[in-house]
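Everything below concerns the one structure shown next.
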Amino acid sequence: MNLFLGLDIQLMLEAVPLILLIALSAWLVSLVIEDIRIIDYLWSPMLLVSALVYAYQIGFEISLNTVNLVFLLMLAVWALRLSTFLLLRGRNLGEERRYKAMRQKLSPNFAIKSLFNVFLFRALLIWILSSLFAVALGSGASLSWNYWHTAGAALWMAGFTMEVLADLQLYRFNQLVLRDSETLSSGLWRYSRHPNYFGECCVWCGWVVFSIPSASAATLPWLLLAPMIMIALLLKLSGIGHMERGITERRLDYRQYIETTSAFIPWKPAQKIGTDL
């Protein structure tokens with residue numbers, strides 16, 4: 001066992017070949033279909049694959065106790081649901097605006113640049129995020145169910161439910177031919193501009209809470225790394241900040257929506273002076 005600040009790097013390296021194989025295969029497919037969005041469809045399954053590799057390397061007879069089985073079940077349900085939803089939502093649509101902009105920015109030689117800037121970078125990010133799974137599954141101990149597991153599973157369920165409902169509400173809204181506005185501001189979207197992102201954050205935090213009994217004092221910080229990265233991605237890097245810059249340019253009603261609705265954490269809508277909300 002090779003440890004780096006308490007983390008079993010040797011275990012994590014076992015997942016690298018499969019993660020790279022999937023990323024490289026996706027890159028080759030993207031060259032044929034001329035659409036790099038395929039990496040979004042594979043994002044969550046690649047995380048699931050890494051966890052399954054860790055469980056296999058530890059030994060299923062050791063790793064598949066009740067606690068770890070529930071953890072893997074939560075991960076599998078989340079991964080397959082998200083991948084399926086993105087695939088169904090993106091069918092018959094062209095490449096997204098952000099990827100079109102990236103294609104322009106990285107031209108010429110986008111094919112080679114996308115391998116490193118998109119596919120291999122995403123593979124590296126997935127591998128780093130999977131450190132949470134290595135800690136959760138890597139203790140090798142037969143854990144008994146306790147209140148940490150109950151609290152973590154409850155938080156995961158709340159976040160997963162919110163994410164699913166928010167995605168469904170937005171998908172149905174976007175399918176409407178006739179609608180009162182360009183911006184969805186009802187349902188969960190009345191209380192948060194990004195309830196699906198908040199649900200996603202709760203999913204990751206639920207896994208952290210669930211995994212606390214599996215962690216030692218040395219590995220506990222590694223449990224926090226993955227949700228910190230996800231929150232940064234959702235709030236600052238590729239999530240809310242990046243998305244809303246483009247939306248406000250295309251939708252005039254979205255500026256009012258920003259003024260009255262919480263960006264992330266669901267909250268009572270603010271009342272704008274001179275309007276009835």
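Below are the figures for this structure:
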{"read-out": "Count of residues meeting criterion [modelled with pLDDT under 90 and touching a Phe, Trp or Tyr at 6+ places or on another chain (Cβ under 6 Å)] in region 240-277", "value": "2"}
{"read-out": "Residues of region 202-225 satisfying the condition of being of a type in the set (A, V, I, L, M) and either touching a strand residue (DSSP E or B) at 6+ places or on another chain (Cβ under 7 Å) or open to solvent by less than 10 Å² (accessible area, probe 1.4 Å) (or both)", "value": "203, 223"}
{"read-out": "Counted residues, region 136-179 - those being buried (at least 20 other Cβ atoms within 10 Å of the Cβ) and farther than 20 Å from residue 200 by Cβ", "value": "4"}
{"read-out": "Region 226-240 residues that are more than 18 Å from residue 44 (Cβ to Cβ), paired with ones that are open to solvent by 60 Å² or more (accessible area, probe 1.4 Å) and modelled with pLDDT under 80 (beta carbon under 8 Å, 6 or more apart)", "value": "none"}
{"read-out": "Breaking point among (1) surrounded by 14 or more Cβ atoms within 10 Å (Cβ to Cβ); (2) farther than 28 Å from residue 9 by Cβ; (3) modelled with pLDDT of 90 or more; (4) not small (Gly, Ala, Ser), for residue 115", "value": "(2)"}
{"read-out": "Matching residues, region 63-76, being of a type in the set (A, V, I, L, M) and farther than 15 Å from residue 49 by Cβ", "value": "64, 67, 69, 70, 73, 74"}
{"read-out": "Residue identified as at pLDDT below 95 and surrounded by 13 or more Cβ atoms within 10 Å (Cβ to Cβ) among 19, 36", "value": "36"}
{"read-out": "Test set (1) farther than 20 Å from residue 243 by Cα; (2) open to solvent by less than 30 Å² (accessible area, probe 1.4 Å) - residue 92 fails condition number", "value": "(2)"}
{"read-out": "In region 155-199, residue farthest from residue 70 (Cα to Cα) [restricted to those that are charged (D, E, K, R), in contact (Cβ under 8 Å) with a residue 24 or more places away in the chain and in a helix (DSSP H, G or I)]", "value": "190"}
{"read-out": "Single residue of region 56-71 satisfying the filter (surrounded by fewer than 20 Cβ atoms within 10 Å (Cβ to Cβ) and of a type in the set (A, V, I, L, M)) that is farthest from the chain's Cα centre (by Cα)", "value": "62"}
{"read-out": "Listing of helices (runs of 4 or more DSSP H) fully contained in region 15-124 that carry 3 or more residues being touching a residue at least 40 places away in the same chain (Cβ under 8 Å)", "value": "16-33, 38-58, 66-90, 97-105"}
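The values are calculated or read from the model by the stated rules, or taken from the named source; none is laboratory data. Predicted model, so just to flag it, every value in this text is computed and none were measured. Reconstructed Cβ throughout: ideal geometry from the backbone, glycine too, with neighbour counts over all protein chains shown. Please note that ligands, DNA and RNA were not included when accessible areas were found on the heavy atoms of the full protein model with its side chains. Shrake-Rupley method; radii C 1.70, N 1.55, O 1.52, S 1.80 Å.
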